[in-house]
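Visitor: Here you go, one structure.
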Amino acid sequence: MRTGCAGVLTALIVPLGMIGVFAAPASAEAGPECTGNTAKMKLSPGLTFTSVYQTITINGKLSGCTGGGVTSAKYTVKTSGPASCEEGSVLKGTYQEGTIVITWKGKGLPKGAGNSIGTFLMQPPIPPGPSLFAISGMIESGPFAESKIAGEVLVTLKGTCGAKKRIKSATVTESGSTSSY
């Protein structure tokens with residue numbers, strides 16, 4: 001599956017396995033599909049075994065993009081909500097909504113195209129593993145407005161989860177699928 005440029009962590013991941021943007025109405029410009037996604041996630045105050053309200057920021061890069069004149073992109077996702085971790089440093093969370101800003105790069109983009117701004121939703125972990133998250137959303141303004149965002153991402157927490165020790169960062173990578181916008 002290809003995913004778009006929004007990649008995010010349901011418990012705050014964004015970010016985006018392989019991400020893609022899919023054109024919705026006939027008037028929407030066809031969006032790119034990207035095969036690579038790497039990101040760093042910051043969590044504050046940090047994860048422990050107890051679920052508490054977290055502010056999450058994800059900064060990432062998309063690569064291997066085709067379509068719409070796009071070759072790569074950078075993105076930032078911001079969200080917040082309750083999250084925790086389990087034994088084995090597995091992220092736990094509920095459905096999370098947030099905003100995403102995507103800066104597209106490519107030779108075929110019109111000058112002054114600007115950033116795409118949209119919303120995203122991350123759902124709790126999906127089988128086969130506890131670190132795989134599905135993301136979805138919509139680009140609301142800028143290039144590829146009215147296009148859907150879809151993808152899957154893997155979230156790897158940095159550190160060991162504990163009752164008192166807080167995990168404050170994670171990496172977000174592609175899941176082996178493609179993201180589209």
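Visitor: Could you list all residues from the stretch 28-64 that are small (Gly, Ala, Ser), touching a Pro at 6+ places or on another chain (Cβ under 6 Å) and over 19 Å from residue 160 (Cβ atoms)? Lay out the reasoning, then the answer.
Guide: We begin by selecting, within the stretch 28-64, every residue small (Gly, Ala, Ser); these are 28, 30-31, 36, 39, 44, 46, 51, 60, 63-64.
Imposing the further condition that a residue be touching a Pro at 6+ places or on another chain (Cβ under 6 Å) reduces the set to 39, 51, 60.
Residues satisfying the conditions are 39, 60.
Visitor: Determine whether the stretch 131-140 contains at least one residue that is modelled with pLDDT under 85, within 25 Å of residue 54 (Cβ to Cβ) and either touching a Lys or Arg at 6+ places or on another chain (Cβ under 6 Å) or among the hydroxyl-bearing types (Ser, Thr, Tyr) (or both).
Guide: So far as the stretch 131-140 goes, yes, one or more of its residues are modelled with pLDDT under 85, within 25 Å of residue 54 (Cβ to Cβ) and either touching a Lys or Arg at 6+ places or on another chain (Cβ under 6 Å) or among the hydroxyl-bearing types (Ser, Thr, Tyr) (or both).
Visitor: Related question: Can residue 152 be described as under 21 Å from residue 62 (Cβ atoms) and at pLDDT below 85? Show your work before the answer.
Guide: Details: under 21 Å from residue 62 (Cβ atoms): yes; at pLDDT below 85: yes.
Spelling it out, residue 152 is indeed under 21 Å from residue 62 (Cβ atoms) and at pLDDT below 85.
Visitor: Right, something else. Looking at the stretch 131-151 only, could you name the residues that are crowded, with 24+ Cβ neighbours inside 10 Å and not in a loop (DSSP other than H, G, I, E, B)?
Guide: 133, 135, 137, 139, 147, 149, 150, 151, listed by residue number.
Visitor: Within the stretch 80-90, is there a residue that is touching a strand residue (DSSP E or B) at 6+ places or on another chain (Cβ under 6 Å), on the phi > 0 side of the Ramachandran plot, buried (at least 16 other Cβ atoms within 10 Å of the Cβ) and at pLDDT below 80?
Guide: yes
Visitor: Something else: Filter the stretch 32-79 down to the residues that are closer than 16 Å to residue 99 by Cα and of a type in the set (S, T, N, Q), then identify the one that is surrounded by the fewest Cβ atoms within 10 Å (Cβ to Cβ).
Guide: Taking the candidates together, the pick is 55.
The values are calculated or read from the model by the stated rules, or taken from the named source; none is laboratory data. As the structure is a computational prediction, the values presented were derived from the model and not from experiment. All Cβ positions, even for glycine, are placed from backbone atoms using ideal geometry, and neighbour counts span all protein chains on display.
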